[in-house]
Ligand code: GA4
């Protein structure tokens, strides 16, 4: 049997689709063009030459592995994941389930220092490592947002980044651990290459978009992440343990009046190796108003969304299921 190469993946119209890779060391004008295009077309891209030191990443990974390697009782000392702490299989408050365990943290410095006491045997080290990692990925997010603002001719070039730099920013850090699980379809005769399109693989983290402004995701060398690109096709994201993936969130879709799209993504469980991901969600302060910026509104392109505060949006998100289209609640019809 001839098995076709898995890349590039082709849609029905045989158009090749691939996840864009953007080199952050390129010159600014080139970068803004590439990043804007990637945010418009995919809402998802990989960044290389991001400038975050290997040490900062490795130390964070070590703390994550150490945490997940503990007994359940020890992990539960971190408190329940609602709102912040340790969670196992249950995601959010409305019955969503996944094949993972996780640690959800608010990025506020005081909150990390306090919570570290219950998370680690060496809380000073843990909080220092987490704070360094958050600082580093926040810088990557802010750099990308400033480049985006430049590329979109937004009047205040720091408008987006100021929201997540704010001391009251509601940004989060999530460490996910997907232990290997036996697939329902391990007996499935479908060649492995096609199995990413099968729906009976066990779900690690169900399909959703991120509610925030921008997400910076880093994983180990184990695959499982998929992104929904054109034609609703699920595209496997090749794991790259040295680089970051960037995901446009719902709030950035609203701020750009739909010019950027928040990317729907999911993680499938695998039956071989444990996957770990570390995900930073850059969010505004709870009382910030989110609305399409005037730069993106015109008589030809009227505002698509009603203004809302981040607090209102979060409450709406938590009242719905993971995969629901929560932005619909704020659409102007
Ligand atoms: C998805 C993105 C982040 O992981 C998260 C998730 C949150 C949670 O796990 O508590 C939510 C989910 C996420 C969106 C809808 C609501 C809230 C679970 C859920 C069902 C931490 C976030 O901010 O929103």
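Might you let me know whether segment 33-45 holds any residue that is assigned to a loop (DSSP other than H, G, I, E, B), within 16 Å of the ligand (Cβ to nearest atom) and under 25 Å from residue 165 (Cβ atoms)?
We begin by selecting, within segment 33-45, every residue assigned to a loop (DSSP other than H, G, I, E, B); these are 42-43.
Narrowing further to those that are within 16 Å of the ligand (Cβ to nearest atom): 43.
Retained after the next criterion (residues that are under 25 Å from residue 165 (Cβ atoms)): 43.
Yes, there is a match, as at least one residue in segment 33-45 is assigned to a loop (DSSP other than H, G, I, E, B), within 16 Å of the ligand (Cβ to nearest atom) and under 25 Å from residue 165 (Cβ atoms).
Report those strands (runs of 3 or more DSSP E) wholly inside segment 232-328 carrying at least 3 residues which are in contact with a helix residue (DSSP H, G or I) (Cβ under 7 Å, 6 or more places away or on another chain) and modelled with pLDDT of 95 or more.
Answer list for segment 232-328: 244-248, 275-282.
Taking the conditions exactly as written (surrounded by fewer than 18 Cβ atoms within 10 Å (Cβ to Cβ) and within 11 Å of the ligand (Cβ to nearest atom)), does residue 326 satisfy them or not?
So residue 326 fails the test.
With (1) farther than 30 Å from residue 68 by Cα; (2) in contact with a strand residue (DSSP E or B) (Cβ under 9 Å, 6 or more places away or on another chain); (3) within 14 Å of the ligand (Cβ to nearest atom) as the list, and residue 308 as the residue in question, which single condition is left unmet?
Answer for residue 308: the failing condition is (3).
Between a residue in segment 308-324 that is within 16 Å of residue 168 (Cβ to Cβ) and any residue that is near the ligand (Cβ under 8 Å from one of its atoms) and at pLDDT 95 or above, which pairs come within a Cβ distance under 9 Å, given they are 6 or more apart or on different chains?
310/211; 310/212; 310/283; 313/211; 313/326; 314/211; 314/283
Return the residues of segment 197-209 that are out of contact with any strand residue (DSSP E or B) (no Cβ under 6 Å at 6 or more places or on another chain) and assigned to a loop (DSSP other than H, G, I, E, B); say none if nothing qualifies.
198, 199, 200, 209, listed by residue number.
Based on what the data block shows, is residue 167 closer than 28 Å to residue 269 by Cβ, modelled with pLDDT of 95 or more and either in contact with a strand residue (DSSP E or B) (Cβ under 9 Å, 6 or more places away or on another chain) or more than 13 Å from the ligand (Cβ to nearest atom) (or both)?
No: the conditions fail for residue 167.
Looking at segment 107-128, is at least one residue surrounded by fewer than 18 Cβ atoms within 10 Å (Cβ to Cβ), closer than 28 Å to residue 317 by Cα and within 20 Å of the chain's Cα centre (by Cα)?
no
So which of 249, 224, 258, 282 is surrounded by fewer than 23 Cβ atoms within 10 Å (Cβ to Cβ) and either over 28 Å from residue 309 (Cβ atoms) or within 13 Å of the ligand (Cβ to nearest atom) (or both)?
On the way: 224 fails: surrounded by fewer than 23 Cβ atoms within 10 Å (Cβ to Cβ); 258 fails: either over 28 Å from residue 309 (Cβ atoms) or within 13 Å of the ligand (Cβ to nearest atom) (or both); 282 fails: surrounded by fewer than 23 Cβ atoms within 10 Å (Cβ to Cβ).
None of the other options fit; the residue is 249.
Any idea which residue in segment 65-89 is nearest to residue 134 (Cα to Cα), counting only those that are within 14 Å of the ligand (Cβ to nearest atom) and in contact with a strand residue (DSSP E or B) (Cβ under 6 Å, 6 or more places away or on another chain)?
Result: 84.
Of all residues in segment 142-169, count the ones that are touching a residue at least 24 places away in the same chain (Cβ under 8 Å) and either surrounded by 23 or more Cβ atoms within 10 Å (Cβ to Cβ) or within 16 Å of residue 259 (Cα to Cα) (or both).
Final tally of qualifying residues: 13.
Could you say which residue among 29, 82, 5, 65 is surrounded by fewer than 18 Cβ atoms within 10 Å (Cβ to Cβ), part of a helix (DSSP H, G or I) and at pLDDT below 95? Outline the logic, then answer.
Details: 82 fails: part of a helix (DSSP H, G or I); 5 fails: part of a helix (DSSP H, G or I); 65 fails: at pLDDT below 95.
When all the criteria are applied, what remains is 29.
Within segment 311-323, can you find the residues that are within 8 Å of the ligand (Cβ to nearest atom) and touching a strand residue (DSSP E or B) at 6+ places or on another chain (Cβ under 8 Å)?
Of everything in segment 311-323, those that are within 8 Å of the ligand (Cβ to nearest atom) and touching a strand residue (DSSP E or B) at 6+ places or on another chain (Cβ under 8 Å) turn out to be 321, 322.
The values are calculated or read from the model by the stated rules, or taken from the named source; none is laboratory data. This one's a predicted model, so the numbers in the text were calculated from it and none came from an experiment. Note that each Cβ is placed from the backbone with ideal geometry, even for glycine, and that neighbours are counted across all protein chains shown.
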